[in-house]
1. Which of the following residues is at positive phi, at pLDDT 80 or above and surrounded by 14 or more Cβ atoms within 10 Å (Cβ to Cβ): 287, 350, 276?
2. If you check 146, 166, which single one turns out to be buried (at least 16 other Cβ atoms within 10 Å of the Cβ), in contact (Cβ under 8 Å) with a residue 60 or more places away in the chain and outside any helix (DSSP H, G or I)?
3. Pairs under 9 Å by beta carbon, first residue over 14 Å from residue 77 (Cβ atoms) in region 99-112, partner surrounded by fewer than 17 Cβ atoms within 10 Å (Cβ to Cβ), six or more apart or different chains?
4. Just checking, which of 137, 116 is without any contact (Cβ under 8 Å) to a residue 60 or more places away in the chain, closer than 23 Å to residue 337 by Cβ and surrounded by 14 or more Cβ atoms within 10 Å (Cβ to Cβ)?
5. Check residue 124 against each of (1) in contact (Cβ under 8 Å) with a residue 12 or more places away in the chain; (2) more than 23 Å from the chain's Cα centre (by Cα) and name the one condition it does not meet.
6. Within region 298-328, how many residues turn out to be touching a residue at least 60 places away in the same chain (Cβ under 8 Å) and exposed (fewer than 15 other Cβ atoms within 10 Å of the Cβ)?
7. Residue by residue through region 301-311, note down the ones that are closer than 27 Å to residue 45 by Cα, at pLDDT 85 or above and assigned to a helix (DSSP H, G or I).
8. Assess whether residue 132 counts as being surrounded by fewer than 17 Cβ atoms within 10 Å (Cβ to Cβ), out of contact with any strand residue (DSSP E or B) (no Cβ under 8 Å at 6 or more places or on another chain) and assigned by TED's automatic domain parsing to the domain that holds residue 58.
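The values are calculated or read from the model by the stated rules, or taken from the named source; none is laboratory data. Since the model is a prediction, treat every value here as computed from it, not as a measurement. Every residue, glycine as well, gets a Cβ built from its backbone with ideal geometry; the counts of neighbours run over all protein chains shown.
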């Protein structure tokens, strides 16, 4: 007789259409929706159309818990959207629940989100027990990307403000950006959910392949030991991207509803931080060739990104070839959190591209985008000179 071992229940695999979970996906996509990102044009134009305070909150609340945006997962997962009685939850159901939580719960969410960042980094740091600003700055800094550290610290130490800003962002994105779009696409999402439910009956490996065009990566497989169920959730604006998050006991896999409905599933590569939360994307960077002259917000984003001495130094460093973030930190001699913010702004303006390899992120100049900025400025100079009758050498 063989060895006696403790058995584990079989992993449950299913699909669901969930508005609260869809909000996680939409908010993170809007956060990343910058020129040159390759994301759906609807996302890029919608982000530009947000009121200034919502753009600020979007960048702030997604910009302090690492590149995997852990914080905004916390309130949604606290709601338990996959409970049977909440699968049809509305935005009001979600916000009523979140509004009923004490402000202290939002500080706990920050602590958990940043704890996940430190777990990824292997620092061993735990959240400070009190309100010591020096200790909190030390705890916050490794997770900063696009947020301002002083503003994040203020939110952490004022839980009521943190709660109100979090609720304001969710409500604002729904009211200003997503309510009509969700209503327009809901029937198609439900149909994609039916397809995913049929696929999920074949098991995780087959369903993952049919819905994403990819085999289950080893890093996800390793993390499934902590999971009890996997849920496939359709999202309308992922395009060639997909994402999944490990939040024990759940694994949530977002897949492109449009691609599934069209039967258009392209192979993807895996980007992983090794802890079970990953983003998958097509290799290469779409939409950079032949960008031509930039206009409007695209040009302003690029010029703002170029208007800082340290960001220009980063571009000078990358002029000699791609580098990973720690190399840039070492050569610039400034704080890692500051370098992360500068790299994020350059990436958001499309001036640098990020290439994940071997668990690390390598940064390189996007020569096409930089050339488009130069061509735009030169064309304006040529036009101005021609108008003035002076002529400019081409």
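1. 350
2. Working: 166 fails: outside any helix (DSSP H, G or I).
Only one candidate passes the filter, namely 146.
3. From region 99-112, the pairs are 103/158; 103/160; 103/161; 103/164; 107/157; 111/126.
4. So the residue among 137, 116 that is without any contact (Cβ under 8 Å) to a residue 60 or more places away in the chain, closer than 23 Å to residue 337 by Cβ and surrounded by 14 or more Cβ atoms within 10 Å (Cβ to Cβ) is 137.
5. Checking residue 124 against (1) in contact (Cβ under 8 Å) with a residue 12 or more places away in the chain; (2) more than 23 Å from the chain's Cα centre (by Cα), the one that fails is (1).
6. So the answer is 1.
7. The answer is 302, 303, 304, 305, 311.
8. Values: surrounded by fewer than 17 Cβ atoms within 10 Å (Cβ to Cβ): yes; out of contact with any strand residue (DSSP E or B) (no Cβ under 8 Å at 6 or more places or on another chain): yes; assigned by TED's automatic domain parsing to the domain that holds residue 58: yes.
So residue 132 fits the description; yes.
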